[in-house]
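Please read the structure below before turning to the comments.
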Amino acid sequence: MICVEEHLMGKYFGTDGFRGEANLGLTVDHAFKIGRFIGWYFGRGQKCRVVIGKDTRRSSYMYEAALTAGLTSSGADAYLLHVTTTPSVSYITRIDDFDCGIMISASHNPYYDNGIKLLNSGGEKMEEEVLEEIERYLDGETGEVPYATRGDIGRTIDYSAGRNRYIGYLISLATHSYKGKKVGLDCANGSTWMIAKSVFDALGADTYVINNTPNGLNINLNCGSTHIEGLQRLVVGNGLDVGFAFDGDADRCLAVDEKGQLVDGDKIMYIYGRHMHERGKLEGTKVVTTVMSNIGLYKALEEAGIGFEVTDVGDKYVWENMRRTGNRIGGEQSGHIIFGKYATTGDGVLTAIKLMQAMLDRKLPLSKLAEPVTIYPQVLKNVRVADKDAALGDLAVREAEHNAKVKLGSNGRVLLRKSGTEPVIRVMAEAPTEAECQEAVDMIVKALKDRGHAENV
């Protein structure tokens, strides 16, 4: 039995920042106040320096202006990277000794949503205690912070050179020339619309790029890592060696092999984890996954003699494990892959470079590298309940879960999770066939319903 409780998030900030529909869930006033608080919080006793990046959404420019106004009005200096990726903000925050980094993006969400992601001076997701203080300020539970005056008012500084330095860093990490390789790139009309091609062109690849014409309204629209079919058509139609798809802020990467088959985050972790293992680079460390990774990944890792650890959902928790244990690679099925030697967050373009390295080192196509991983069918049911704790604690529900697990045996798994933000129990099963998955999920859902926990099932 696997029963994992999601981490409880704050009122505004989740595992990946403060996200909502622009000027509804997340307003320009929120952004101004966040800037005000950060400028004061990190500027006590010193001049605060904050670096800001944004994706291509129409509202990102509005939030950039509001955050900058808030920061400078509290005495902080705001350094603008302009349109760039989340991992580039993380990198520049870390290497240029900024007090804080801010990325304006709602990642893979549609254009009308946006988000504010806060990074600490190490380029990591901001500590919970700081986020809690910001939330209290937003709700008026703390006193107003002072405005800066005269020479203490902050400056706004163009810092596009930082973005260019990040591009140079990525290029420096490649161990091979890509000359003669035909590579497809789906930029999701987002943050990589110029960066990805610049990197792969510099490394000598013959690049084929789609969805690199952002207009503020088309980010992630039927493209990128959430709509892989466009890249699959590009790869197959042009006989490419490989394709890479990014999300809106490029902290995710999914791949397509030369046959047009999807290589998801689980397969990417297997490919590079095994590559590190065979070169002695894991050095006893493990691959870090989340509870949503497929059982097929775990079986393939075991077959290869590679250990693994499991965290709650969210690349934030993957990184926390890696930092604490020294594990060197981890990520999520969705394509957030963290290479601990080079980054503190998921980096889509870095992931693409590392997959190219595995292909070129091994002199094998991506399909061969991914072949040992058999992705098992998965069925997930979200069940609304009146009381999550009562539902999970019900002996009849636990017995149904146990029976489902016994029936699947070692060829499958069952996972129960309670949502941290909704009155929902998530019931998931993986097995060799979809019918077996459905049967296992139905057993547990029936118990929830029979015991009076489930609503509208």
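Here is how the numbers come out for the structure above:
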{"quantity": "Tally of residues being touching a helix residue (DSSP H, G or I) at 6+ places or on another chain (Cβ under 7 Å), of a type in the set (S, T, N, Q) and without any contact (Cβ under 8 Å) to a residue 40 or more places away in the chain across segment 151-181", "calculated": "0"}
{"quantity": "Selection count where residues are out of contact with any strand residue (DSSP E or B) (no Cβ under 8 Å at 6 or more places or on another chain) and surrounded by 24 or more Cβ atoms within 10 Å (Cβ to Cβ), scope segment 271-293", "calculated": "0"}
{"quantity": "Cβ-Cβ under 9 Å pairs, at least 6 apart or on other chains, segment 131-150 side free of Cβ contacts under 8 Å to residues at least 24 places away in the same chain and assigned by TED's automatic domain parsing to the domain that holds PHE42, far side surrounded by 13 or more Cβ atoms within 10 Å (Cβ to Cβ) and among the basic types (Lys, Arg)", "calculated": "THR142/ARG136; GLU144/ARG36"}
{"quantity": "Tally of residues being without any contact (Cβ under 8 Å) to a residue 40 or more places away in the chain, within 12 Å of PHE246 (Cα to Cα) and part of a loop (DSSP other than H, G, I, E, B) across segment 182-227", "calculated": "4"}
{"quantity": "Enumeration of residues in segment 259-291 that are within 30 Å of ASN218 (Cβ to Cβ), in contact (Cβ under 8 Å) with a residue 60 or more places away in the chain and touching a Lys or Arg at 6+ places or on another chain (Cβ under 9 Å)", "calculated": "GLY265, ILE268"}
{"quantity": "ARG328 over 25 Å from ALA188 (Cβ atoms), surrounded by fewer than 24 Cβ atoms within 10 Å (Cβ to Cβ) and out of contact with any Lys or Arg (no Cβ under 7 Å at 6 or more places or on another chain)", "calculated": "no"}
{"quantity": "Enumeration of residues in segment 29-51 that are within 16 Å of GLU144 (Cβ to Cβ) and at pLDDT below 95", "calculated": "ARG44"}
{"quantity": "Some residue of segment 374-387 being of a type in the set (A, V, I, L, M), within 30 Å of ASP241 (Cα to Cα) and touching a helix residue (DSSP H, G or I) at 6+ places or on another chain (Cβ under 7 Å)", "calculated": "yes"}
{"quantity": "In segment 42-58, the residues that are farther than 11 Å from SER74 by Cβ and surrounded by 22 or more Cβ atoms within 10 Å (Cβ to Cβ)", "calculated": "ARG49, VAL51, ILE52, GLY53, LYS54, ASP55, THR56, ARG57"}
{"quantity": "Long-range neighbours under 6 Å by Cβ, at least six apart or interchain, first residue at positive phi and of a type outside the set (A, V, I, L, M, F, W, C) within segment 73-88, second outside any helix (DSSP H, G or I) and modelled with pLDDT of 95 or more", "calculated": "GLY75/GLY43; GLY75/ALA148; GLY75/GLY154"}
{"quantity": "Residue ranges of strands (runs of 3 or more DSSP E) in segment 46-104 with at least 1 members more than 16 Å from LEU119 (Cβ to Cβ)", "calculated": "77-83"}
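One line per residue, one yes/no per condition, for (1) of a type in the set (A, V, I, L, M); (2) modelled with pLDDT of 95 or more; (3) touching a Ser or Thr at 6+ places or on another chain (Cβ under 7 Å); (4) within 16 Å of LYS33 (Cβ to Cβ):
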residue	(1), (2), (3), (4)
GLY53	no, yes, yes, no
SER59	no, yes, no, no
THR72	no, yes, yes, yes
GLY75	no, yes, no, yes
VAL89	yes, yes, no, no
ILE95	yes, yes, no, no
GLY115	no, yes, yes, yes
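The values are calculated or read from the model by the stated rules, or taken from the named source; none is laboratory data. This is a predicted model, so every value here is computed, not measured. All Cβ positions, even for glycine, are placed from backbone atoms using ideal geometry, and neighbour counts span all protein chains on display.
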